[in-house]
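A short write-up of the structure that comes next.
The values are calculated or read from the model by the stated rules, or taken from the named source; none is laboratory data. All of these numbers come straight from a predicted model, not from anything done at the bench. Note that we place each Cβ from the backbone using ideal geometry, even for glycine, and neighbour counts take in every protein chain shown. Only protein heavy atoms, including side chains, enter the accessible area calculation; ligands, DNA and RNA are left aside. Shrake-Rupley method; radii C 1.70, N 1.55, O 1.52, S 1.80 Å.
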Amino acid sequence: MNIFKTLKPLTRAVITTLMCSLPLLGVTSVHASAASTPLKSAPLKVTLSPSDPTWQLAINNKLLGPTEVLIEPTERGFARQVQPLLQAGNYSEVAALFKGRDISQDSTALNLLRAQVLLSTKDFNNAELAYLACLKASPDLVKAHQGLSLLYMQQAKYDKAQTHLVHSIELGQADAQSYAQLAYIHVQHSQPWSAVAAYRQALMLAPQTAQYQQGLLFALIESGDLSQANALLKELLNKTPDKAELWLQRAQIALQLDQKKQALAAIEVALKLNPKDASNQLLAAQLHLTEGSTERAVSLLKQGLKHATKQQQVEVINTTMQTLGWLVSQQKWDLAKDLIGSAKRLTKQLPRDEQAQFSVYSAQIAMQQGNTKRALKSLNNALKINPNLGDALLSLASIYRSKGQLTQAKLMYVRAQALPDYQLSAWLGLSQIAIDSKDYPSALNHLRKALQANPQRQDLITNIRALENIVRQEG
């Protein structure tokens, strides 16, 4: 009787201490770094691309005058027929007229026109055939090399484009556009220093061309020459402060300098200029999370989920999943619930395991709302998809414990202890069940396992010593 009276307060002390040392079993199994690091991902980076280029194709609309190559006298009637159409820019009609002519019978001059017209109407295959026919007859025809470089660039065949572009420059076509095209190709080949040199050459010949200036800025950022990039960026922002792309480039420079607050300010300006850009919304959300502006981050993620294109949806939903995990770990339930509501329609695009994790987050929110029935349904659905989902097992164990269904709770913890990332939580849970059942030797055994595997958890020593005293007193 005396022993029982002595044991009772000790047991309460052990339970209280254990409950304080347990992780959030009813919430999620969170690694130690989760509380301080909202997202575990690669370094943040603005998704930049070179300015969409606009290349000019000069179409010969003066067939009857002196040109680099001349039409045959027999072709003059056709030339007079197409001349007004060319001058009016009716290239589709000219292309239709060429269909009635045999390419092998036409002169180089007429085939050059054919190629230029077909390129302008994006009939790439037939335009290529016409250009190659020109080069077969005249291998150093500059306009054919130039035209083929444009054609291959539009098809993203940059190696072929570069070959013809370099040849046309060697033949004397060393104008600003040719150097800018070459620079763009260097960017596509991840050769930023070569791109910088080529863009500078283009700007020597056409210093006020905004497209070339922005291309140079992109190349400078990619090359890591941030001081030069900053100087050029200030100049461009003074001229066009309402250009969202420039603010994104300012953000990228700030990120490379690890100036997250400045990067965030620049991205927010870009978002005001282009409020439906899902990529910018996503990056801004990630930065807001790292800076502690959780509500703004969730708001941006919701917008990103709404505005994302099919290509962007995977990235947005993946970041949303990471954010949900962090919100749940921080017990920011209202924000987590808000975000889950927006993300639900896109979850079918997630891999099966991610769908299961989404169900776990939904269940954990339901648990906080006291809706045990919905939580159980979500958790069981998650385990049907992935029977080894540790968060689901621990959450189910927590529900069963709260309902006094200790056998079922124990089963969940036993399954969880087979998963290395969840062993500690499982052992602590099993220890608590053993204490609830007054099986102190088993509780002690589980705590010793936990301490052996996690010697940094010195807080467990107090619990172990208290249990050892109880076991000794019970004799």
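Summary of values
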| read-out | value |
| --- | --- |
| Tally of residues being over 13 Å from Ser227 (Cα atoms) and assigned to a helix (DSSP H, G or I) across region 253-267 | 9 |
| Boolean, Lys348 is at pLDDT below 85, open to solvent by 10 Å² or more (accessible area, probe 1.4 Å), out of contact with any Leu (no Cβ under 6 Å at 6 or more places or on another chain) and not in a helix (DSSP H, G or I) | no |
| Where Leu112 falls short, out of the listed (1) open to solvent by less than 60 Å² (accessible area, probe 1.4 Å); (2) within 17 Å of Lys160 (Cα to Cα) | (2) |
| Qualifying residue in region 182-203 (condition: closer than 18 Å to Ala115 by Cα and out of contact with any Pro (no Cβ under 6 Å at 6 or more places or on another chain)) | no |
| Scope region 269-289; condition open to solvent by 40 Å² or more (accessible area, probe 1.4 Å), in contact with a helix residue (DSSP H, G or I) (Cβ under 6 Å, 6 or more places away or on another chain) and farther than 18 Å from Gln249 by Cβ; matching residues | Lys276 |
| Filter result for Lys373 (assigned to a helix (DSSP H, G or I) and more than 30 Å from Arg415 (Cβ to Cβ)) | no |
| Wholly within region 392-475, helices (runs of 4 or more DSSP H) carrying at least 2 residues that are under 30 Å from Gln355 (Cα atoms) and among the hydroxyl-bearing types (Ser, Thr, Tyr) | 406-416 |
| Matching entry among Ala443, Ala450, Ala363 (being open to solvent by less than 20 Å² (accessible area, probe 1.4 Å), closer than 21 Å to Trp326 by Cα and either among the aromatic types (Phe, Trp, Tyr) or touching a residue at least 24 places away in the same chain (Cβ under 8 Å) (or both)) | Ala363 |
| Residue list for region 147-156, filter: open to solvent by 30 Å² or more (accessible area, probe 1.4 Å) and either free of Cβ contacts under 8 Å to residues at least 24 places away in the same chain or in a helix (DSSP H, G or I) (or both) | Gln154 |
| Count - residues of region 196-226 that are part of a helix (DSSP H, G or I), within 19 Å of Gln146 (Cα to Cα) and open to solvent by less than 30 Å² (accessible area, probe 1.4 Å) | 4 |
| Residue list for region 300-324, filter: under 21 Å from Gln364 (Cα atoms) and open to solvent by 20 Å² or more (accessible area, probe 1.4 Å) | Lys302, Asn318, Gln322 |
| Residue tally, condition free of Cβ contacts under 8 Å to residues at least 40 places away in the same chain, open to solvent by 30 Å² or more (accessible area, probe 1.4 Å) and within 20 Å of Ala308 (Cβ to Cβ), over region 327-344 | 2 |
| Verdict on Ala96 being among the aliphatic types (A, V, I, L, M), outside any helix (DSSP H, G or I) and open to solvent by 20 Å² or more (accessible area, probe 1.4 Å) | no |
